[in-house]
Amino acid sequence: MGSTEPTLADSSPEGHAAARDAPAKPRGTAHLLRVVGTHAVLVALGVLLGLYGMFLVPRGPRVDGHVLSAGVAVAVVGNAAGAVLGRVAAGRFGGTAVLIGWLVVGYAGNVSRPNGSVVLPGSGDLAVPAVVFLVAGAIVGVAAAVLRPRRLRIRRSRPGQSNLLER
């Protein structure tokens, strides 16, 4: 009863101002380890998505001699889902952690080795699926990490009226 801290039940403007102006609680090493660990897991998820998708680029059905690549589907769906998962798990920058891991592996697979071998070829039968894999995966990953959905707000109504949703 003698507490001066605002509670959730305190809906007065003074209570909201006191809660907003209260000093932030210091965060310890446990919080730092949790944040770093979450981002490390998200980067590892991006690396695994990149590796899995890279080796699936030549797989898939052939239509008129062209490959409909399963790797492109993994890049598009995996990067979108990973970015949304990262955003939910780690906040604003969590969605980009998956993309960073995927980009490093995806573009490293496009670099030729001294003996001339490359995972994602830039010429030949698989050139188009390889380029689509890189471009589509990057665009979808960036879009999912940057864009955020609009939130619906419930407008409080007067007694006797129903609550209205507004955008």
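The values are calculated or read from the model by the stated rules, or taken from the named source; none is laboratory data. Worth saying up front: this structure is predicted, and the values here are computed from it rather than measured. So basically every Cβ, Gly included, is an ideal-geometry build from the backbone, and we count neighbours across all protein chains shown.
Among the residues that make up the stretch 132-150, is at least one of them surrounded by fewer than 15 Cβ atoms within 10 Å (Cβ to Cβ), touching a residue at least 24 places away in the same chain (Cβ under 8 Å) and touching a strand residue (DSSP E or B) at 6+ places or on another chain (Cβ under 9 Å)?
no
Enumerate the pairs (first residue in the stretch 55-73 and among the β-branched types (Val, Ile, Thr); second residue anywhere and surrounded by 15 or more Cβ atoms within 10 Å (Cβ to Cβ) and not in a loop (DSSP other than H, G, I, E, B)) with beta-carbon separation below 6 Å, excluding pairs fewer than 6 apart on the same chain, so at least 6 apart or on different chains.
That search, which allows pairs on different chains as well, returns Val57/Gly71; Val57/Pro129; Val57/Ala130; Val57/Phe133; Val67/Pro129; Val72/Val132; Val72/Phe133; Val72/Ala136.
Among the numbered conditions (1) surrounded by fewer than 10 Cβ atoms within 10 Å (Cβ to Cβ); (2) aliphatic (A, V, I, L, M); (3) at pLDDT 85 or above, tell me where Val105 comes up short.
Of the numbered conditions (1) surrounded by fewer than 10 Cβ atoms within 10 Å (Cβ to Cβ); (2) aliphatic (A, V, I, L, M); (3) at pLDDT 85 or above, the odd one out for Val105 is (1).
Just to verify a result, which residue in the stretch 87-102, among those that are surrounded by 20 or more Cβ atoms within 10 Å (Cβ to Cβ) and at pLDDT 85 or above, is farthest from Ala143 (Cα to Cα)?
Step one: of the stretch 87-102, the residues surrounded by 20 or more Cβ atoms within 10 Å (Cβ to Cβ) are 87, 90, 94-99, 101-102.
Of the ones still in play, those that are also at pLDDT 85 or above are 96-99, 101-102.
Working: Thr96: 10, Ala97: 13, Val98: 13, Leu99: 10, Gly101: 16, Trp102: 14 Å.
Among those that are surrounded by 20 or more Cβ atoms within 10 Å (Cβ to Cβ) and at pLDDT 85 or above, it is Gly101.
With the structure loaded, tell me whether Phe55 is farther than 27 Å from Leu147 by Cβ, aromatic (Phe, Trp, Tyr) and out of contact with any Asp or Glu (no Cβ under 6 Å at 6 or more places or on another chain) or whether it fails that test.
In short, yes.
Does the stretch 75-118 hold any residues that are within 22 Å of Leu56 (Cα to Cα) and part of a loop (DSSP other than H, G, I, E, B), and which are they?
Once the filter is applied, which keeps residues that are within 22 Å of Leu56 (Cα to Cα) and part of a loop (DSSP other than H, G, I, E, B), the stretch 75-118 yields Gly109, Asn110, Val111, Ser112, Arg113, Gly116, Ser117, Val118.
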